[in-house]
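Peer 1: Questions regarding the structure given below will be posed in turn.
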Amino acid sequence: GAIIGDFVNVVTIKDGAWEEPSTWQYGVVPEDTHNVSILHEVTIDSDAVCNDLTIGTTGRLTLNDGGNITPGGNVLIDSDITGTGSFVNNGDPIVLNGTVRQYMTGQTDDGELVWHLVSVPVESIWSADVFFGCHLQTWEETISLWEDVQEHPDVSYTVLMDTPMKGYATAYALSEPGEDKVLEFVGQFNDGPYSIDVINTGTSGDANLDGWNLVGNPYPSSLDVDATGWTKDPSYVSMGVAYWDATFGPEGGYVYYGDGVGLNGGTQFIPPMQGFFVKAIDEGGPYGVTNEARVHSDQPFYKSSLNNLLKLTVQANGYSDETAV
């Protein structure tokens with residue numbers, strides 16, 4: 001079953017186990033001479049090898065406890081308008097270096113900026129390498145305002161960002177109307193437990209504004225808000241999450257999920273590299289996540305087991321908002 005000679009490109013042809021020959025194009029389990037492309041949902045339960053490893057936009061790779069992957073070449077998790085590849089590690093943290101891509105829309109056809117909340121899925125980056133041509137901001141809870149990391153889209157200086165779970169807002173400013181951008185994060189993939197402190201300083205005096213902290217999904221996979229593996233004591237942080245959806249309404253808006261209820265289309269699944277808001281209670285505390293909360297999610301969906309639930313939606317002039325009782 002070995003293929004002798006130069007590197008050979010092989011792709012998955014169906015969902016299945018890495019160790020199963022029928023998962024692969026030529027009916028051969030990959031060896032270190034194979035450049036592998038994952039286009040389906042594949043699990044690894046033992047030692048796996050390859051040369052280049054690409055997780056395509058439809059690819060879902062899961063490393064189960066006891067499994068390991070050793071690529072000899074380049075590693076890429078791809079993203080485009082159709083979707084983003086996903087890598088979940090259910091075992092001990094591993095060292096995996098490569099490139100993670102994240103597709104985002106640019107300006108509208110009318111030249112309006114489209115803002116996205118993002119997070120960094122690798123150990124550290126230089127911001128101008130990834131966000132060149134973009135505005136980049138953080139939300140500062142202590143002053144209840146956005147602050148620039150990169151004020152000018154053609155910035156020539158660089159800022160090192162190495163704080164896992166920190167969220168950012170970005171907009172592709174140098175794009176032509178209708179032109180999109182693919183962010184490329186290069187480095188060691190985030191894996192294992194991470195934590196960030198969330199605070200509530202009460203600076204503004206507005207209970208609806210104070211305490212909101214912009215954090216982020218640090219992994220190249222989705223997170224399940226309802227899963228185990230979170231550090232979020234309800235005494236100092238709200239259990240819900242809110243994130244900006246540029247497609248909600250004419251100008252975008254915030255969607256929410258918490259306590260089994262989704263509002264404005266919010267679900268329990270936080271997409272890969274998605275920035276999101278959580279609300280600190282009192283003075284706040286640590287907010288963290290581990291590999292146990294990582295999942296694959298092709299598209300958002302919402303389910304609720306609540307029997308007594310009333311949702312009210314108001315709509316006018318193309319806008320809408322929703323509340324739940």
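Peer 1: From Cα pairs below 8 angstrom and at least 6 apart in sequence, can you work out the relative contact order of the chain, rounded to a whole percent?
Peer 2: Relative contact order here is 14 percent.
Peer 1: Determine the share of the range 88-241's accessible area contributed by carbon and sulfur atoms, expressed in whole percent, with a 1.4 angstrom probe.
Peer 2: 48 percent
Peer 1: Still on this model: For E184 paired with A207, estimate the spin-label separation in nm (one decimal), with each label point 7 Å from Cα along the Cα-to-Cβ line.
Peer 2: So the label points at E184 and A207 sit 5.0 nm apart.
Peer 1: Gain in length, T290 to I143, computed as 0.36 nm per residue apart minus the alpha-carbon separation, to one decimal in nm?
Peer 2: Residue separation times 0.36 nm, minus the Cα-Cα distance, leaves 49.9 nm.
Peer 1: Please report, in whole Å, how far the alpha carbons of the range 107-231 spread along each principal axis, starting with the longest.
Peer 2: Principal axes ranked by extent give 41, 38, 28 Å for the Cα atoms.
Peer 1: Here's a follow-up. Would you rank S320, S86 by solvent-accessible area, highest first, keeping every protein chain in place and using a 1.4 Å probe?
Peer 2: Highest to lowest solvent-accessible surface, that is S320, S86.
Peer 1: Just add up the charged neighbours of P71: K/R +1, D/E -1, any other residue whose Cβ is under 10 Å from the Cβ of P71.
Peer 2: For residues surrounding P71, the net value is -2.
Peer 1: With labels modelled as points extended 7 Å from the Cα through the Cβ direction, what inter-label distance (nm, one decimal) is found for N317 paired with E20?
Peer 2: Modelled inter-label distance: 5.6 nm.
Peer 1: Find how much the distance from W126 to T82 grows on full extension, using 0.36 nm per residue of separation minus their present alpha carbon separation; answer in nm with one decimal.
Peer 2: Contour length minus Cα-Cα distance gives 13.1 nm.
Peer 1: Using modelled amide H (1.01 Å from N, peptide plane; none on Pro or chain starts), what sits under 5 Å from the amide H of A17, excluding residues fewer than 5 places away?
Peer 2: Excluding prolines and chain starts, which carry no amide H, the hits are T43.
Peer 1: What percent antiparallel are the DSSP beta bridges of the range 1-140, to the nearest 5?
Peer 2: 10 percent
Peer 1: Moving on to the next point. How are the Cα pair distances of the range 143-217 distributed, in percent, across 10 Å bins from 0?
Peer 2: Calculated over all Cα pairs of the range 143-217, the distribution is 13, 36, 33, 17, 0 percent.
Peer 1: A further question follows. Looking only at the chain, where both bridge partners belong to it, what percent of the DSSP beta bridges are antiparallel (to the nearest 5)?
Peer 2: 70 percent
Peer 1: Quick one: in the chain, what % of C-alpha pairs are over 24 Å apart?
Peer 2: Of the Cα pairs, 57 percent sit more than 24 Å apart.
Peer 1: While we're looking at this one, here's another question. Quick check: pseudo-label points 7 Å beyond the Cα along Cα→Cβ at L160 and E251, how many nm apart are they?
Peer 2: According to this spin-label approximation, the distance is 3.9 nm.
Peer 1: In Å and on Cα atoms, what radius of gyration and Dmax does the range 101-151 show?
Peer 2: So, for the range 101-151, Rg and Dmax equal 12.5, 36 Å respectively.
Peer 1: In whole Å, what is the distance between the alpha-carbon centres of the range 266-282 and the range 44-110?
Peer 2: If you average the Cα positions of each part, the centres end up 22 Å apart.
Peer 1: Tell me the per residue accessible area of the chain using a 1.4 Å probe; a whole number in Å² is fine.
Peer 2: Each residue of the chain exposes 47 Å² on average to a 1.4 Å probe.
Peer 1: Something else now. Under a no-solvent Debye model with one identical scatterer per Cα of the range 8-71, what's log10 I(q)/I(0) at q = 0.12 Å⁻¹?
Peer 2: Debye intensities relative to I(0), on a log10 scale: -0.22.
Peer 1: Then there is this: Subtract the Cα-Cα distance of E283 and A227 from 0.36 nm times their separation in residues, and report this length gain in nm to one decimal.
Peer 2: Contour length minus Cα-Cα distance gives 17.7 nm.
Peer 1: What accessible area, in Å² to the nearest ten, does a 1.4 Å probe give for F132?
Peer 2: Number for this one is 100 Å².
Peer 1: What GluC sites (Glu not before Pro) does the range 1-68 have in DSSP loop regions with at most 10 other beta carbons within 10 Å?
Peer 2: Those that pass, being in a loop and sparsely packed, number zero.
Peer 1: Using protein chains only and a probe of 1.4 angstrom, how many square angstrom of Y254 are accessible, to the nearest 10?
Peer 2: Roughly 100 Å² of Y254 is accessible to a 1.4 Å probe.
Peer 1: Ok, one more. Given the protein chains as shown and a 1.4 Å probe, how many square angstrom of M161 are accessible, to the nearest 10?
Peer 2: 10 Å²
Peer 1: Shifting gears a bit: Where Lys and Arg each count +1 and Asp and Glu each count -1, what net charge lies around D191 among other residues with Cβ under 10 Å from its Cβ?
Peer 2: -1
The values are calculated or read from the model by the stated rules, or taken from the named source; none is laboratory data. Please read these numbers as outputs of a predicted model, since none were measured by experiment. Reconstructed Cβ throughout: ideal geometry from the backbone, glycine too, with neighbour counts over all protein chains shown. For the accessible areas, the whole protein counts, side chains as well, though only heavy atoms, and no ligand, DNA or RNA atoms are used. Shrake-Rupley method; radii C 1.70, N 1.55, O 1.52, S 1.80 Å.
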